[in-house]
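Colleague: Encoded as structure tokens, here's the structure I'll be asking about.
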Amino acid sequence: MEGDLAREAIERLKGVDNQAGLAEEIVRATAAYGLDNFTISGLPDSDDVREHVLIAGWPEWSARYQAASHYRRDPVVRCLRQTSELLLWRGASVDAEGACVMAEAADFGLRDGLSIPIFNLSGFQSAVSFSAQHPLDLPREHLLSLHLVGIFAHTQAVLLTRRSDQPLGDSLTARETECLKWAAAGKSAWDTSVILGLANKTVEHHLDRAIRKLGAVNKVQAVANALRRGYIN
């Protein structure tokens, strides 16, 4: 039965073709285990944590985490750098500073959770993390299923990100077009980063490329040119 749930979740994840749909399916798949949110991100190694994020599921906590440079003290990140196995947050080795980070995370609704480290062929490490607003007590078979779902969710997130960055002919990429659409709707780069689950720096990068491709001098002119040429409506 447990294996069937994991297989069904993976089959649904295979069917999505955009990051919003992927996020919905991940939340749906993990809700049965008492989990309510997640994030998929590379492990931060700089002050701009957001540039590492593939899908951000904790916008308020992510903003606070970034502002406070919590990654420097985060015991979960520290432990993930030293393991290749699923990590229960309560199993992370915590010092005084780390305890403060975990306590503040709980105030934002991340009271308990687990993280799955991911490695690629070059050794780059990222993680899929699931959170809950209450203490978790998951049996081993549930953890195994979540491990499988997490690995597959990360694979799909990477594939969708790469696909969205493929050029539409020799013009704007799908991601550049998407960022321009939100700019046309009056959203800032930060607003767009939250909506799309991207880093603010990534959104600014896509907008800068779109501005250059459209022969514009700023974002406003780029939106006008994109509207005139039919790239957005």
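Colleague: Are there GluC sites (Glu not before Pro) in region 8-103 that DSSP puts in a loop and that have at most 12 other Cβ atoms within 10 Å, and which ones?
Modeller: E85
Colleague: Answer rounded, prolate or oblate for the chain, using the Cα gyration tensor with square roots of eigenvalues a ≥ b ≥ c: rounded when a/c is under 1.5, else prolate when a/b is larger than b/c, else oblate.
Modeller: prolate
Colleague: Loop only by DSSP, 16 or fewer other Cβ within 10 Å of the Cβ. Give me the trypsin sites (Lys or Arg not before Pro) in region 6-96 that pass, ordered by residue number.
Modeller: Answer in residue order: R81.
Colleague: Once you've got the GNM for the chain with C-alpha springs shorter than 10 Å, pick whichever of S129, S84, S145 has the biggest mean-square fluctuation.
Modeller: Between S129, S84, S145, it is S84 that shows the largest mean-square fluctuation.
Colleague: In addition: How far apart, in nm, are two points set 7 Å out from the Cα along the Cα-to-Cβ line at D95 and at Q133?
Modeller: Each label point is offset 7 Å from its Cα along the Cβ direction, giving 3.4 nm.
Colleague: Another question, if that's okay. Taking R0 as 22 Å, what's the FRET efficiency between R140 and E11 from their Cβ-Cβ distance, rounded to 0.05?
Modeller: 0.45
Colleague: Rounded to a whole number, what is D in µm²/s for region 174-229 from Stokes-Einstein with the Kirkwood radius over alpha-carbon pairs (10 °C, 1.306 mPa s)?
Modeller: In µm²/s, the coefficient is 147.
Colleague: Can you show me the helix-derived [θ] at 222 nm for the chain, built from DSSP H runs with n ≥ 4 at -39,500 (n - 2.57) apiece and divided by the number of residues, rounded to the nearest 500.
Modeller: About -16500 deg cm²/dmol.
Rule-based calculations on the coordinates, nothing more; no lab input. Since the structure is predicted, the reported quantities are computational estimates derived from the model, not experimental observations. Reconstructed Cβ throughout: ideal geometry from the backbone, glycine too, with neighbour counts over all protein chains shown.
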